[in-house]
1. Return a yes/no flag: does the stretch 151-163 have any residue that is closer than 23 Å to G92 by Cα and either among the hydrophobic types (A, V, I, L, M, F, W, C) or outside the structural domain of L104 (by TED's automatic domain parsing) (or both).
2. Just checking, does the stretch 131-148 include any residue being at pLDDT 80 or above, among the β-branched types (V, I, T) and either over 23 Å from the mean Cα position of the chain (by Cα) or in a loop (DSSP other than H, G, I, E, B) (or both)?
3. Being within 22 Å of the chain's Cα centre (by Cα), crowded, with 18+ Cβ neighbours inside 10 Å, outside the structural domain of L98 (by TED's automatic domain parsing) and not charged (D, E, K, R): is that true of N17 here?
4. Of the conditions (1) more than 20 Å from G7 (Cα to Cα); (2) more than 19 Å from the chain's Cα centre (by Cα), G58 fails just one. Which one is it?
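The values are calculated or read from the model by the stated rules, or taken from the named source; none is laboratory data. Quantities reported herein were computed from a predicted structural model and do not represent experimental measurements. With ideal geometry, Cβ positions are generated from the backbone for all residues, glycine too; neighbour counts draw on all protein chains shown.
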Amino acid sequence: MVLQILGIGVLLNCMANVPSNALQALGRPDLTGIFHLLELPFYGVLCVFLIPRWGINGAALANSIRISIDAILLFWAARKYCQCSIGPFWAGMLPRILVLNAVLAGVLFGIRSFLISSSWIRLAAGTLATGIYFLAIWVSVIHKSEKPRISNALRAFSREPVL
């Protein structure tokens with residue numbers, strides 16, 4: 001139960017990295033710090049009430065609630081200061097992403113549970129399935145105007161480091 005509760009918080013925290021980095025790039029790193037300071041007393045109160053009642057599950061719930069509030073504040077601030085919204089992205093891309101994630105989860109579950117008993121073959125099949133997943137994301141989700149930028153960034157990682 002703890003991992004399920006924390007998993008929701010981690011998912012929200014991963015999504016909140018986008019507006020957090022946008023605010024950093026806009027020269028507003030102060031906002032993330034201010035938000036964390038505002039969340040601290042609220043998080044403390046949540047811990048005081050939830051941990052004695054539900055133990056470690058309460059601690060996980062308090063943390064996931066704090067992360068949720070942080071994500072809401074970061075998305076609000078990014079929208080206010082960037083004059084940007086990810087609404088059109090979610091409307092257009094989210095269904096494709098969800099379908100691809102469901103297919104990958106099903107394939108990985110099938111590899112793990114039913115089809116293959118050898119650990120090495122499962123690892124190879126899982127790696128292949130994940131590679132196909134990223135190829136499908138590249139083809140069906142990433143906009144063609146973004147592909148050259150991503151390709152250039154990936155090429156930069158393959159170059160020799162400058163000393």
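1. no
2. Checked against the condition, which is being at pLDDT 80 or above, among the β-branched types (V, I, T) and either over 23 Å from the mean Cα position of the chain (by Cα) or in a loop (DSSP other than H, G, I, E, B) (or both), the stretch 131-148 yields at least one hit.
3. Numbers: within 22 Å of the chain's Cα centre (by Cα): yes; crowded, with 18+ Cβ neighbours inside 10 Å: no; outside the structural domain of L98 (by TED's automatic domain parsing): yes; not charged (D, E, K, R): yes.
So N17 fails the test.
4. (1)
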